[in-house]
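Asker: Before we start, here is the structure in question, set down as structure tokens.
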Amino acid sequence: MAILDSKGRLFGKFNILDIGAALVILLVICGIFLFPGTTGSVAQVGTTTKPIEVDLVVRGLKVRDIDRLSDQGFKKGGKTNLIIRNQPYGQIPIKSIEVLERKISVTQPDGSVKLIPDPRENVFSTDMLLTLAGKATVTDNGPVLGNSKVKIGIPFELEGFNYNFKGSVIDIRIEDK
């Protein structure tokens, strides 16, 4: 009995091409499970988690009474839901809320400019400076909250039971402990 017959079968029973295909499939499966390669994303290599503070400015928030928001948890020490670039991050603590006084520029007779409080009665428009505190992954490209990079100028959306508004990041502080 010949090892290889005229039809390319080994010992008259197995086709050489079928054996080759089965070996390739077996090697691929072994390679996937025995040598999976690196795990995790490249962005996580060499990163640390540190506490950060993010300052937001909210301009022209249309609200009847800013104090009513505090009844629903929007207050110093409370928490708010954060959305960064349309991606929900989760809840983040509010470290401080400062209502800013509206000012206007007035030209003086000598040509200089002076800031004075806005005399107009606009009770439905509020400007605020908010400080949010959280833990961010710090990479070589800056801090990352969730899967979103935090940079000056990006909009943060704050959402709660009875409010939803956007603010713009004006400062980021990474605390070194």
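The values are calculated or read from the model by the stated rules, or taken from the named source; none is laboratory data. Since we're looking at a predicted model, the values are computed, not measured. Because the Cβ atoms are built from the backbone with ideal geometry, glycine has one as well, and the counts that use them run over all protein chains shown.
Asker: Just to be sure before I move on: is PHE74 touching a Ser or Thr at 6+ places or on another chain (Cβ under 7 Å), touching a residue at least 24 places away in the same chain (Cβ under 8 Å), outside any strand (DSSP E or B) and closer than 28 Å to ILE52 by Cβ in the structure I sent?
Answerer: Values: touching a Ser or Thr at 6+ places or on another chain (Cβ under 7 Å): yes; touching a residue at least 24 places away in the same chain (Cβ under 8 Å): yes; outside any strand (DSSP E or B): yes; closer than 28 Å to ILE52 by Cβ: yes.
Considered against the rule, which asks whether it is touching a Ser or Thr at 6+ places or on another chain (Cβ under 7 Å), touching a residue at least 24 places away in the same chain (Cβ under 8 Å), outside any strand (DSSP E or B) and closer than 28 Å to ILE52 by Cβ, PHE74 comes out as yes.
Asker: Go through the range 150-166 and give me each residue that's in contact (Cβ under 8 Å) with a residue 60 or more places away in the chain and out of contact with any strand residue (DSSP E or B) (no Cβ under 6 Å at 6 or more places or on another chain).
Answerer: Selection gives PHE161, ASN162, TYR163.
Asker: Now for a different question. Somewhere in the range 96-119, is a residue within 30 Å of GLY77 (Cα to Cα), modelled with pLDDT of 90 or more and touching an Asp or Glu at 6+ places or on another chain (Cβ under 7 Å)?
Answerer: The answer is no; no qualifying residue exists.
Asker: Give GLY167, GLY153 a once-over and let me know the one that is within 14 Å of VAL58 (Cα to Cα) and surrounded by fewer than 15 Cβ atoms within 10 Å (Cβ to Cβ). Walk me through how you get there before you give the answer.
Answerer: On the way: GLY167 fails: surrounded by fewer than 15 Cβ atoms within 10 Å (Cβ to Cβ).
The conditions single out GLY153.
Asker: Is it the case that THR38 is more than 30 Å from LEU82 (Cβ to Cβ), at pLDDT below 75 and polar (S, T, N, Q)? It would help to see each step written out before you state the result.
Answerer: Numbers: more than 30 Å from LEU82 (Cβ to Cβ): yes; at pLDDT below 75: yes; polar (S, T, N, Q): yes.
Against the criterion (more than 30 Å from LEU82 (Cβ to Cβ), at pLDDT below 75 and polar (S, T, N, Q)), THR38 qualifies.
Every residue, every condition in (1) under 30 Å from SER105 (Cα atoms); (2) in contact with a His (Cβ under 7 Å, 6 or more places away or on another chain); (3) touching a residue at least 40 places away in the same chain (Cβ under 8 Å), yes or no:
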site: PRO119; (1), (2), (3): yes, no, no
site: THR126; (1), (2), (3): yes, no, yes
site: GLY134; (1), (2), (3): no, no, yes
site: GLY142; (1), (2), (3): no, no, no
site: SER148; (1), (2), (3): no, no, yes
site: ILE170; (1), (2), (3): yes, no, yes
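Asker: Can you give me the ranges of the strands (runs of 3 or more DSSP E) entirely in the range 106-177 with at least 3 residues that are small (Gly, Ala, Ser)? Can you show your working first?
Answerer: Values: elements: 113-117, 125-139, 142-145, 155-159, 164-174.
Output list reads 125-139.
Asker: Among the residues of the range 82-94, which ones are closer than 14 Å to GLY167 by Cβ and over 12 Å from the mean Cα position of the chain (by Cα)?
Answerer: ILE94 - this is the single residue of the range 82-94 that is closer than 14 Å to GLY167 by Cβ and over 12 Å from the mean Cα position of the chain (by Cα).
Asker: Looking at the range 87-108, I want the residues that are loosely packed, with under 12 Cβ neighbours inside 10 Å and have a partner that is hydrophobic (A, V, I, L, M, F, W, C) and assigned to a loop (DSSP other than H, G, I, E, B) with Cβ atoms under 9 Å, at least 6 apart or on another chain. Which pairs are those?
Answerer: So the pair list comes out empty.
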